[in-house]
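Shown next, in structure tokens, is the structure this report addresses.
What follows draws every value from the coordinates through simple rules; no lab data is involved. Just so you know, these numbers come straight off a predicted model, no measurement behind them. Virtual Cβ from ideal backbone geometry, glycine too; neighbours counted across all protein chains shown.
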Amino acid sequence: MRTVDQFNFKNKRAIIRVDFNVPIENNKVADTSRIKAAKQTIDKVCKDGGSCILVSHLGRPIGFQKEFSMTNIINEVENVLERNVFLSKDVIGPDAKKKSLHLKPTQVLLLENVRFHDEEKKGDIDFAKELSLLADCYINDAFGTAHRAHASTTTITTFFNDKFFGKCLEQEVNSIKKVLNSGKKPILAILGGAKISSKIPILKNIIKIADHIIVGGGMSFTFIKAMGGQIGLSIHEDSMLETAKEILEKAKKYNVKIHLPIDVVCSKKFDNESEQRVFDITKIDNDFQGMDAGPKSLDLFEKVVMDSNTILWNGPLGVFEFSNFSNGTKMLGYFISKSTKGGAFSLVGGGDSVAAVKKFKIENKMSYVSTGGGAMLECLEGKNLPGINALL
């Protein structure tokens, strides 16, 4: 792995693939985490006396769409990076060429949304070549797009001898390796969320590594039903019942302990204000549905978390978006932060888990919070990411 710390960027123009695909609400950037994640790399290049040409996508545009223009985020980019940032009107057009050519050391240029060009997602070689001509070297610091074989993440690397892992990408890769390859035992994987079908590849891969797996949230009900439990109206996947049984058998084979909820907070409606009752998870009344982990489940989960030295968290324990059903996810986050403070390594990844740690203001109490949803999931499934392979 060749990192930015192994190179001096003095008088070099570095094209940096960043992930500035940030949420915009009421014409304002609602979460600056991904911009902050790129700051270390940009600071390093500028400190050396180099200049930066930033490439990113924003949203899922079809051709040019004003609402996805980088003009919507340039002010926030400047605020977070604490420096002036030039903005190009295009990506490989005359404005990008002129502004990149005249960049002085320590200056930063942000190109227009790279996905305004269809060639980006196609991994087009001619487009990638034009983009590469703007700079002397290449840095990928966008973990969130590393699972895409796009022009600015993969194809472009063929035109550079000097290509590097940015600091964010380096931290992401090392954090995942710390769980999958060199985690201190006992290793715990916590998998939650609504559907077991979306987590099967992770479950099958993580069983080979983990000592304990906590299965929570909606996906736990498929396991409970597969074991003969009564789950009322709780979300589940009948097509996955046999798969759930296979996973339980596989866990026994690998001597992995799977921990399912014992009790669950239920309601009659999928509504924050609906009546609450706690049921044994195997004996939920026909007109109730599971919404959150119950008190006995949390006691069990706390013990498992506190006894673990490496913790992966992907997915909530309930409908944490509803305040009356957020306690399970909130308490799980607290247990993990407590274990982390005691010396455990904790990695949080996946959109809902990341949203939860931010909502409950415990983001800084985790060892590492991933910036990439889909990319992290593919890593946990054991897949090789094209954006990373292209740098090796």
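Observations, loosely collected:
- Mean residue ellipticity at 222 nm, helices only, the chain: -10000 deg cm²/dmol; runs of at least 4 DSSP H residues each add -39,500 (n - 2.57), and the sum is divided by the number of residues.
- Positive-pole candidate from Cys137, Leu54, Leu110, dipole of the chain, charges at beta carbon: Cys137
- Per-peptide average of other Cβ atoms within 10 Å, ordering 142-155, 6-19, 242-255 highest first: 142-155, 6-19, 242-255
- Under the shape rule built on the C-alpha gyration tensor, where the axes satisfy a ≥ b ≥ c, region 171-231 is prolate, since a/c reaches at least 1.5 and a/b is greater than b/c.
- Labels on offer are [x] 60, 56, 48; [y] 69, 42, 37; [z] 63, 61, 37, and the one holding Cα extents along the principal axes in Å computed from this structure is [y].
- For region 48-146, the fraction of alpha-carbon pairs in successive 5 Å shells from zero, as %: 2, 12, 23, 27, 23, 10, 3, 0
- For Ile190, residues with placed amide H under 5 Å, excluding near neighbours: Ile214, Leu312, Trp313, Asn314
- Rounded to the nearest Hz, the phi-derived 3J(HN,Hα) couplings of region 260-267 under the Karplus curve 6.51 cos²θ - 1.76 cosθ + 1.60 (θ = phi - 60°) are 9, x, 8, 9, 8, 7, 10, 8, where x marks glycine and proline.
- Positive contributions from Lys and Arg (+1) and negative ones from Asp and Glu (-1), summed over other residues with Cβ under 11 Å from the Cβ of Tyr254, come out at +4.
- Long-range HN-HN contacts of Thr3 with modeled amide H, under 5 Å: Phe165
- Taking region 72-173 as the region of interest, the number of lysine pairs whose Cα atoms are within less than 17 Å, with members eight or more places apart or on different chains, is 7.
- In terms of distances greater than 28 angstrom between alpha carbons, the cross-link table entries Lys303/Lys365; Lys39/Lys341; Lys199/Lys296; Lys66/Lys361; Lys269/Lys359; Lys177/Lys225 yield Lys66/Lys361; Lys177/Lys225.
- Local net charge near Thr41, Cβ-Cβ under 14 Å (Lys/Arg +1, Asp/Glu -1): +4
- Zero-based 10 Å bins, Cα pair distances in region 4-168, whole percents: 11, 45, 38, 6, 0
- Gaussian network model of the chain, Cα within-10 Å springs - most flexible of Met291, Met219, Met240: Met240
- Cβ charges +1 (Lys, Arg) and -1 (Asp, Glu), total dipole of region 183-380, debye: 760 debye
- Other-chain or far-sequence residues with amide H under 5 Å of Gln230's (modelled H): Lys283, Ile284
- Region 183-380, relative contact order [Cα under 8 Å, separation at least 6], %: 22 percent
- Local electrostatic count at Asn309 - Lys and Arg +1, Asp and Glu -1, tallied over other residues with Cβ under 9 Å: +1
- Residues Ser198, Ser346 arranged by fewest to most Cβ contacts within 10 Å: Ser198, Ser346
- Centre separation in Å (Cα based) which lies between region 323-386 and region 270-302: 23 Å
- Gyration tensor verdict on region 183-380 (Cα atoms; rounded if a/c is under 1.5, prolate if a/b is larger than b/c, oblate otherwise): oblate
- Cα centre as origin, Lys/Arg/Asp/Glu Cβ charges: the chain dipole, Debye: 1120 debye
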